[in-house]
Amino acid sequence: MLSMRKPMVEPEPEQEAAVANEQTVSDGSEQAANHLMALQEELSCDETLILRILGMLYLTKKRNVVNVAVSIFDVEKQMGLPRQGATFVCEYMNKKNLVLADDQSRFTITVEGIDYLRQTLGVQRTLE
């Protein structure tokens, strides 16, 4: 009995290149998606750190009228962060006027920082 199978056809080189290109694009897309997810997680962690630092500075300012500035070293120590763990976030907050920094790397929360903290935590402002 004769078999009616189709003969095996070798793929054309162009087809192989197209399949390889699709795989490369797929791998690149997956890497880009993973990169974006990692970036989103990093930004989320930074936002949490911003809120924690602002909260600490707020409570320090509210409880101690005289010594309201907190050094970056104290922030890192109290929060259990590695050395230089809060530097980038504190510099960012300083540029956004959420905190003031003195020449000894001590930080104080600003009115803008308090408003940011209140807004982010969903606390209504009593004064405008």
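The values are calculated or read from the model by the stated rules, or taken from the named source; none is laboratory data. Since we're looking at a predicted model, the values are computed, not measured. With ideal geometry, Cβ positions are generated from the backbone for all residues, glycine too; neighbour counts draw on all protein chains shown.
Given the criterion surrounded by 10 or more Cβ atoms within 10 Å (Cβ to Cβ), touching a strand residue (DSSP E or B) at 6+ places or on another chain (Cβ under 6 Å) and of a type in the set (D, E, K, R), identify the matching residue among Arg106, Arg52, Arg118.
Going through Arg106, Arg52, Arg118 in turn, the sole match is Arg106.
Within the stretch 68-92, count every residue that is exposed (fewer than 14 other Cβ atoms within 10 Å of the Cβ), more than 17 Å from Tyr58 (Cα to Cα) and among the small types (Gly, Ala, Ser).
Within the stretch 68-92, residues that are exposed (fewer than 14 other Cβ atoms within 10 Å of the Cβ), more than 17 Å from Tyr58 (Cα to Cα) and among the small types (Gly, Ala, Ser) number 1.
Among (1) at pLDDT 85 or above; (2) surrounded by 14 or more Cβ atoms within 10 Å (Cβ to Cβ); (3) among the small types (Gly, Ala, Ser), there is one condition Ala38 misses while meeting the rest; what is its number?
In the conditions (1) at pLDDT 85 or above; (2) surrounded by 14 or more Cβ atoms within 10 Å (Cβ to Cβ); (3) among the small types (Gly, Ala, Ser), Ala38 misses (2) alone.
Residue pairs, Cβ under 8 Å, 6 or more apart or interchain, first in the stretch 52-72 and touching a residue at least 60 places away in the same chain (Cβ under 8 Å) and on the phi > 0 side of the Ramachandran plot, second of a type in the set (Ser, Thr, Tyr) and surrounded by 11 or more Cβ atoms within 10 Å (Cβ to Cβ). List them.
Short answer, once both residue conditions are applied: none.
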